[in-house]
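Q: Here's a structure for you.
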Amino acid sequence: MKSALLALWRGLPVPVRRAAHLAAGAPGAAWRAIGEALDEAAKARKLRAAQARARRRARRHNLPPALPVTIVGFHGAVHGLGEGARMLARGFADAGLAVRAIDLSASVGFPIDLPVPFQAPAETERGVVISHINPPELLRWARKTEGRPLERRRHIGYWAWELEDAPADWIPAFDLVDEVWTPSAFAADAIRKIAPARVKVTPAPYPLYLNPRPAPDRARFAFPEDAVVVLMAFDLRSTAQRKNPYAALAAFRKAHTLASRPALLVCKVVGADLYPETFQALQDLVADTPSIRLMTENLSADDMALLTASCDIILSLHRSEGYGLLLAEGIWLGKPTLATGWSSTAEFMDPASSQRVDFTLIPVEGDGHIYRAGRWADADVDDAAAKLARMLSDDTWRKEMAAATARNGHVSFDREAWLRMTRGLLPL
C-alpha cells in the first residue's frame, strides 16, 4: 500500500507536489490540491480517450457516396449557419435524394425556433454525412459522440471562413473528413492553405433558387409608401466588428443628406439579447435619427424573405464574408445591392445589379475571440454614401439594377446549374 501511494505521489505534477510540501501543517489543503489534480488528470485522460475513439471511428475509408444524405447542423435555429444547413437539405431533396437531418442547435445553446422537416438517420443507415458546422463545433461533436455518427459513412465537412487564411487550430478536424465543401471560392482558397494534400476542398455555393419570392408587403412592416427603404441585417453572434454596421449607419446618414428622395434604413438585428451592451450602443447611436429603425423581431425564413422583398436596396459594409447570405437573398428577390467589394460577395455581385464599395485592407483587430489575425476590408464610407445617394435618388437607375438581377448567372440562382454541380460533386 505504501509503495502504491508513493507511486501515485510521484505521478503528480511537480507544482502540485511543491504546493503540498509548502502546506506542511495544513494537510487538508494539501490533500485537496492532490484530489483536484487527480480529477483534472482523469478528465484529461477521458478527453484524450474520447478523441482517439472519434478519430478511429471517423477515419477515412474512401467510401463511395451512397444514400441517404444526412445534413448535420443547426436546423432549428434562427441563424445564418442554420439557414445554410436547411438550404442544403432542401437542395438535396430537390435533387430527388433521400435526406436526413441531425439538429445540433440545443447542443450549442441555440433556441430551437424552427421545425426540422427531415427525420434523423436510422442506426442502420450509412450513406453520406455532410456536417454543416465549422471545425471547432465538429471536433466537439465528434468527441461527445465518440465519432459514432461518422462511423462507416462518407463524411464531407461544409466549412465557411471569412478571412484569407483559415485558423491553424482547424487542422485536427481534417482527420475526420473525406473532403471539404465551402460556400464560396474565397473560403475554399483560405481552407486549402491548411488542408493536407489528401483532402480535396471545393466551392459548393448554397441553392438560393429554392428560397420563396413573396410579393412586397410594406404595410406588414409599417414602411412609409413614399420612402426608399434600405435594409441591412446582421447577427451579433457573427460579431459586430466583422459585420461593421457602424460604417453602414454613417454611409446612410451621409447619403440621406445628399439624396433627393425620402429614405428609411431598416437595421434587422439578431442576437441583441445576447449582446445587450453592443445593442445599447447601436440604440444610442441612432436615437436621434428617425430615418433609421432598429428591428429585433424574431422572423421565420419566410418572414425574412417578406421583409427583404418589401425593401428597395440591400446594404452591407461588412469587413469580410464567407458567403454573404443577405446579399445573395436580396439579388434572388430582385433587389439592387450595395456592399464592400471584397471577399466572397464579389463572386455573385455583378456590376449590372450591384454596386461594389471601395475599400482598404487593414489588419484584423478588436475581435480576438474568433478572428485573431490576418486582414479584412475597411469600406470607404464616402464612396458608399455617394453610390447610395444615387441609388436613392435615381428611380430609373435603381429599377434597371433591379431588373438586371434576373440575369445574374451565379450557380446559387440557377437550379439546373446547382443540380449539375451537385451531381458532379456527389455522384449518386
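The values are calculated or read from the model by the stated rules, or taken from the named source; none is laboratory data. Just so you know, these numbers come straight off a predicted model, no measurement behind them. Don't worry about glycine lacking a Cβ; one is built from the backbone with ideal geometry, like all the others, and counts go over all protein chains shown.
Q: Taking the conditions exactly as written (under 30 Å from Ala373 (Cβ atoms) and at pLDDT below 95), does Gly80 satisfy them or not?
A: yes
Q: Exactly one condition in (1) assigned by TED's automatic domain parsing to the domain that holds Pro336; (2) touching a residue at least 12 places away in the same chain (Cβ under 8 Å); (3) not aliphatic (A, V, I, L, M) is not met by Glu225; state its number.
A: Just one mismatch for Glu225, condition (2).
Q: Based on what the data block shows, is Arg143 more than 23 Å from Ser238 (Cβ to Cβ), in contact with a His (Cβ under 8 Å, 6 or more places away or on another chain), in the same structural domain as Ala98 (by TED's automatic domain parsing) and at pLDDT below 95?
A: no
Q: Same structure, new question: Out of the range 370-401, which residues are among the small types (Gly, Ala, Ser), under 27 Å from the mean Cα position of the chain (by Cα) and modelled with pLDDT of 95 or more?
A: Hits for the range 370-401 are Ala377, Ala379, Ala384.
Q: Then there is this: Among the strands (runs of 3 or more DSSP E) confined wholly to the range 145-220, which include 2 or more residues that are over 22 Å from Glu347 (Cβ atoms) and not hydroxyl-bearing (Ser, Thr, Tyr)?
A: Where strands (runs of 3 or more DSSP E) fall fully within the range 145-220 and carry at least 2 residues being over 22 Å from Glu347 (Cβ atoms) and not hydroxyl-bearing (Ser, Thr, Tyr), they are 154-158.
Per-residue answers, yes or no, for (1) under 20 Å from the mean Cα position of the chain (by Cα); (2) among the hydrophobic types (A, V, I, L, M, F, W, C):
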residue	(1), (2)
Ile71	yes, yes
Arg86	yes, no
Ala89	yes, yes
Ala98	no, yes
Asp103	yes, no
Pro135	yes, no
Pro167	yes, no
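Q: Of the residues in the range 231-288, how many are closer than 23 Å to Arg218 by Cβ and basic (Lys, Arg)?
A: 3
Q: Quick one: how many residues across the range 305-344 are in contact (Cβ under 8 Å) with a residue 60 or more places away in the chain, in a helix (DSSP H, G or I) and under 14 Å from Ala233 (Cβ atoms)?
A: Here the count works out to 10.
Q: Turning to a different aspect of this structure: Could you run through the range 309-334 and say how many residues are among the hydroxyl-bearing types (Ser, Thr, Tyr) and surrounded by fewer than 24 Cβ atoms within 10 Å (Cβ to Cβ)?
A: 1
Q: Looking only at the range 272-290, count every residue that is under 16 Å from Arg253 (Cβ atoms) and surrounded by 15 or more Cβ atoms within 10 Å (Cβ to Cβ) and tell me the total.
A: 3
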